[in-house]
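A short write-up of the structure that comes next.
The values are calculated or read from the model by the stated rules, or taken from the named source; none is laboratory data. Just so it is clear, the model here is predicted, and its values are computed rather than measured. Because the Cβ atoms are built from the backbone with ideal geometry, glycine has one as well, and the counts that use them run over all protein chains shown. Ligands, DNA and RNA are stripped out before the accessible areas are found, and what is left, the full protein with its side chains, is counted by its heavy atoms. Shrake-Rupley method; radii C 1.70, N 1.55, O 1.52, S 1.80 Å.
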Amino acid sequence: MTQAHSIFIIALTFLNIAGALWLLWWTRRSPSDTPSMATTGHVWDEDLTELNNPLPRWWLWLFIITVAFGGAYLALYPGLGTWKGTLGWTSHGEHELQSRANAARIEKTLAPFAARPVQALEHDAAALGIGRNLFLNNCAACHGSDGGGAPGFPNLTDKDWLWGGDADTVVATISNGRTGVMPAWGPVLGDQGVENVLDYVFSLQGRKLEAGDVTAGKAKFAELCSACHGADAKGNPAMGAPNLTDGIWLHGGALGTVRETITNGRNGTMPPHLARLGETRVKLLAAYVLSLGTAGDRDGHHEDDDRGDHDEHRDVAANSR
């Protein structure tokens, strides 16, 4: 605020106060000073007359107290241009004070969970309640409020993980984030080469296409793809490379979608959350995410793991097939 603006605001404020005081002084007369049944001279509908009675004393004093209160407030708090008030109060300072108090309450709530391992928190109803709130506030926009995922964002309720589903790995994923890159193989393979690899990948799941050559596709897969997905195409959690034999697709398993993935590649990023959430919240969030995949087991229902001998699970990172 410029000095000129400050002076204008101060002058306008005092002018309004002076106007209010003058109006109170002008209406200060007592009932004895006013003739009985004095009027303003205004008449409506021939017989409705406006009386000119003074304000009741209690009402007049109420206005005076209000003006005095306003003056005291302007002296103590900012309200006159650049004047900061004698108390030095600021909205930023008040916000900071409330933020610190709120942070202290939150830390008190989180303290009982700080030293406990994720495995224990996964079976604690109170911990899971906090974890669910953290999930809804930080993860649901991508993974869905139920953790069911969306194209490009993994389903967290199954038992299929890109980077591994043990507690330490999930904590590392939430803390540090993940970046997944599927290179574009279209320029290398050509149109027919893409169809051949596509045919081979689908054959791993028992699906047969007509446009490609499975044998040629298998050879190209061994040459270009096995370094990440493994010779048996069952994935590599160390690299976040998915299992291609289980029928679970991050971006969708439709023919055109998988062709697009092979041709143009995919890029996905799971942002890191440690700096914003802190270690305790990350553990609570990891416990809740892990509990999503075991909800059926706790209810007496068991899911089949399509990975066979590889009990690896899909990661919370938005990685790419």
Exclusive hit being open to solvent by less than 50 Å² (accessible area, probe 1.4 Å) and more than 39 Å from the chain's Cα centre (by Cα), set 250, 277, 209, 285
209
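One line per residue, one yes/no per condition, for (1) in contact with a His (Cβ under 8 Å, 6 or more places away or on another chain); (2) not charged (D, E, K, R):
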residue	(1), (2)
89	no, yes
95	no, yes
107	no, no
114	no, yes
126	no, yes
131	no, yes
134	no, yes
138	yes, yes
141	no, yes
Output the qualifying pairs, or none if there are none: Cβ atoms under 8 angstrom, residues six or more apart or on different chains, first residue in segment 230-259 and closer than 14 Å to residue 203 by Cβ, second residue in a helix (DSSP H, G or I) and not hydrophobic (A, V, I, L, M, F, W, C).
233/226; 244/229
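Just to be sure before I move on: is residue 148 open to solvent by 20 Å² or more (accessible area, probe 1.4 Å) and under 22 Å from the mean Cα position of the chain (by Cα) in the structure I sent? If you could, list the steps in order and put the result at the bottom.
Values: open to solvent by 20 Å² or more (accessible area, probe 1.4 Å): yes; under 22 Å from the mean Cα position of the chain (by Cα): yes.
The answer is yes for residue 148.
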Please enumerate the residues belonging to segment 151-174 that are under 22 Å from the mean Cα position of the chain (by Cα) and open to solvent by 20 Å² or more (accessible area, probe 1.4 Å).
151, 153, 155, 157, 171, 172
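For segment 48-65, which positions are more than 15 Å from residue 22 (Cβ to Cβ) and outside any loop (DSSP other than H, G, I, E, B)? Full working, then the answer.
Within segment 48-65, the subset more than 15 Å from residue 22 (Cβ to Cβ) is 48-54, 56-59, 61-62, 65.
Result: 48, 49, 50, 51, 57, 58, 59, 61, 62, 65.
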Residues of segment 119-145 being surrounded by 12 or more Cβ atoms within 10 Å (Cβ to Cβ), assigned to a helix (DSSP H, G or I) and of a type in the set (A, V, I, L, M, F, W, C), in sequence order, are 120, 121, 126, 127, 128, 130, 134, 135, 136, 140, 142
When segment 219-261 is examined, which residues are found to be assigned to a strand (DSSP E or B) and of a type in the set (S, T, N, Q)?
236
